[in-house]
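Some notes on the structure that comes next.
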Amino acid sequence: MAIRKYAILGALALAGVSLFGLSAKAEDVTLTLWSLDKDTQPAPNLVKEFNAQNNGIKIEYRLIQFDDVVTEAMRAYATGQAPDIIAVDNPEHALFSSRGAFLDLTDMIAKSTVIKPENYFPGPLKSVEWDGKYFGVPKATNTIALYYNKDMFKAKGLDPAKPPQTWDELVEDARKLTDPAKNVYGLAFSAKANEEGTFQFLPWAQMGGGSYEHINAEGAVKALGIWKTIMDEKLASPDTLTRGQWDSTGTFNSGNAAMAISGPWELDRMTQEAKFDWGVTLLPVPKEGAERSSAMGDFNWAIFATSKHPAEAFKALEYFASQDDKMFKNFGQLPARSDISIPETGQPLKDAALKVFLEQLKYAKPRGPHPQWPKISKAIQDAIQGALTGQMSPKDALDQAADKIKAVLG
């Protein structure tokens, strides 16, 4: 089987053709793909479309849970049961690549007429690189900004044309908008003890002059202090500590939160569910004129090094990449490519929000990449939880996180 595999690759190289143009073999090849995408998200739908081509390659799809991606995938790799293809959160890509778990796609990409590195935004592309080589393909990209309920702003005497621009303004507006009698919180966000919590907090730390290497910078401590104020004054639900972004934003859609920190993946749901006038603004900064930041999110495609069908798996990735121009229209996700323009949808609220997210992407910064990112992120998560539950002061919590991260970085 190995001889035949390399013979196919060699023939393709000599012919100078892309794997995307590879003709189907007589017998069907079955690939497995793991992702956390649900029915309305890209992966399972791309799999269905690919399978409908009847090109001799079939993909079996498995839905996995967000919290289980790293542990289950690494366990599967260690026991020889890894899937052929997986979608992993971009900061965790380096963990797999550095351990030899992901296949080096550099040569395949160089021969591809579909996947071209120069077409990708630098941040997402950097997340699939390790040791100067490509170990994956960006699946999509995203960031976070501030959604706000314009009707609630008006009802509380706030100008809906002037959403909060600084941290202090955000807290003050949240105080005015919080209405316990109507079960309305001023703000919804996620401080959950997983990657979502890190994803939401790290931009605040970065805007405060910190980074994951300097997570206890003075501005980062101030940022966590503001989060604690929001929780202590019940300007956000106590569930903020345990809810992910999807659920926390759901409280905004239902009218139980006046503002929400979330991403463009919510635009379709927002358009369908929100029965009020809403808008999106850039993440508030520490003070007027301060440097902006935001998270760079979403997942990357990768092929496990143990795949018995790397050529066929790469053909699937090429098909997925060929559909990137439909990513926003069909799934509300932003393509990780600079060569794709997103046309207006004709829905004013959605189009206005999209412009804000595209502007926010200019300030988005990656998490890592670092092969020990899960440990780094865990230290940040522990600090968030420790401070917001009152077990430690924000400074002590971030000092402890800095010590843990320093030990990881060596």
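Numbers for the structure displayed
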{"quantity": "Count of residues meeting criterion [open to solvent by less than 40 Å² (accessible area, probe 1.4 Å), in contact (Cβ under 8 Å) with a residue 60 or more places away in the chain and among the aromatic types (Phe, Trp, Tyr)] in the range 27-66", "calculated": "1"}
{"quantity": "Residue match in the range 279-292 (condition: within 30 Å of VAL29 (Cα to Cα) and either surrounded by fewer than 24 Cβ atoms within 10 Å (Cβ to Cβ) or touching a residue at least 12 places away in the same chain (Cβ under 8 Å) (or both))", "calculated": "no"}
{"quantity": "Residues (at pLDDT 95 or above and open to solvent by 80 Å² or more (accessible area, probe 1.4 Å)) located in the range 67-76", "calculated": "ARG75"}
{"quantity": "Residue selected from the range 313-333 under the condition open to solvent by less than 10 Å² (accessible area, probe 1.4 Å) and charged (D, E, K, R), by the criterion farthest from LYS355 (Cα to Cα)", "calculated": "GLU318"}
{"quantity": "Long-range neighbours under 9 Å by Cβ, at least six apart or interchain, first residue under 17 Å from TRP204 (Cα atoms) and charged (D, E, K, R) within the range 384-395, second open to solvent by less than 10 Å² (accessible area, probe 1.4 Å) and not in a loop (DSSP other than H, G, I, E, B)", "calculated": "LYS395/LEU224; LYS395/ALA387"}
{"quantity": "Flag if LYS156 is of a type in the set (Lys, Arg), touching a Lys or Arg at 6+ places or on another chain (Cβ under 6 Å) and more than 18 Å from ALA295 (Cβ to Cβ)", "calculated": "yes"}
{"quantity": "Criterion (modelled with pLDDT of 95 or more, open to solvent by 50 Å² or more (accessible area, probe 1.4 Å) and touching a strand residue (DSSP E or B) at 6+ places or on another chain (Cβ under 8 Å)) met by exactly one of LYS234, LYS222", "calculated": "LYS234"}
{"quantity": "Filtered residues of the range 258-297 (kept if within 19 Å of THR166 (Cα to Cα) and among the polar types (S, T, N, Q))", "calculated": "SER262, THR281, SER293, SER294"}
{"quantity": "Which numbered condition LYS275 fails, given (1) free of Cβ contacts under 8 Å to residues at least 24 places away in the same chain; (2) of a type in the set (Lys, Arg); (3) buried (at least 19 other Cβ atoms within 10 Å of the Cβ)", "calculated": "(3)"}
{"quantity": "Residue under evaluation PRO83, criteria (1) assigned to a loop (DSSP other than H, G, I, E, B); (2) open to solvent by 10 Å² or more (accessible area, probe 1.4 Å); (3) under 25 Å from TRP246 (Cβ atoms); (4) in contact (Cβ under 8 Å) with a residue 60 or more places away in the chain, criterion not met", "calculated": "(2)"}
{"quantity": "Members of the range 204-231 that are in a loop (DSSP other than H, G, I, E, B) and under 20 Å from the mean Cα position of the chain (by Cα)", "calculated": "SER211, TYR212"}
{"quantity": "In the range 176-195, the residues that are closer than 24 Å to VAL408 by Cβ, surrounded by 23 or more Cβ atoms within 10 Å (Cβ to Cβ) and either touching a Cys at 6+ places or on another chain (Cβ under 8 Å) or not small (Gly, Ala, Ser) (or both)", "calculated": "LYS192, GLU195"}
{"quantity": "Any hit, the range 273-284, residues being part of a helix (DSSP H, G or I) and either over 17 Å from the mean Cα position of the chain (by Cα) or among the hydroxyl-bearing types (Ser, Thr, Tyr) (or both)", "calculated": "yes"}
{"quantity": "Selection count, the range 138-153, where residues are under 14 Å from the mean Cα position of the chain (by Cα) and either of a type outside the set (Gly, Ala, Ser) or closer than 18 Å to ASP173 by Cβ (or both)", "calculated": "7"}
{"quantity": "Those residues of the range 154-167 which are under 29 Å from the mean Cα position of the chain (by Cα) and either touching a residue at least 24 places away in the same chain (Cβ under 8 Å) or surrounded by 15 or more Cβ atoms within 10 Å (Cβ to Cβ) (or both), in sequence order", "calculated": "PRO160, PRO163, PRO164, GLN165, THR166, TRP167"}
{"quantity": "Residue within the range 293-304 that is open to solvent by 10 Å² or more (accessible area, probe 1.4 Å) and either in a helix (DSSP H, G or I) or in contact with a Phe, Trp or Tyr (Cβ under 6 Å, 6 or more places away or on another chain) (or both) present", "calculated": "no"}
{"quantity": "Residue list for the range 187-203, filter: in a loop (DSSP other than H, G, I, E, B), modelled with pLDDT of 95 or more and more than 17 Å from ILE230 (Cα to Cα)", "calculated": "ALA193"}
{"quantity": "LYS395 open to solvent by 40 Å² or more (accessible area, probe 1.4 Å) and in a helix (DSSP H, G or I)", "calculated": "yes"}
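Here's the yes/no breakdown for (1) open to solvent by 20 Å² or more (accessible area, probe 1.4 Å); (2) over 26 Å from ILE230 (Cα atoms):
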{"position": "GLN360", "(1), (2)": "no, no"}
{"position": "TYR363", "(1), (2)": "yes, no"}
{"position": "LYS375", "(1), (2)": "yes, yes"}
{"position": "THR389", "(1), (2)": "yes, no"}
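The values are calculated or read from the model by the stated rules, or taken from the named source; none is laboratory data. Quick caveat: nothing in here was measured; it's all calculated off a predicted structure. Heads up, the Cβs are rebuilt from the backbone with ideal geometry, glycines too, and the neighbour counts pull from every protein chain shown. For the accessible areas, the whole protein counts, side chains as well, though only heavy atoms, and no ligand, DNA or RNA atoms are used. Shrake-Rupley method; radii C 1.70, N 1.55, O 1.52, S 1.80 Å.
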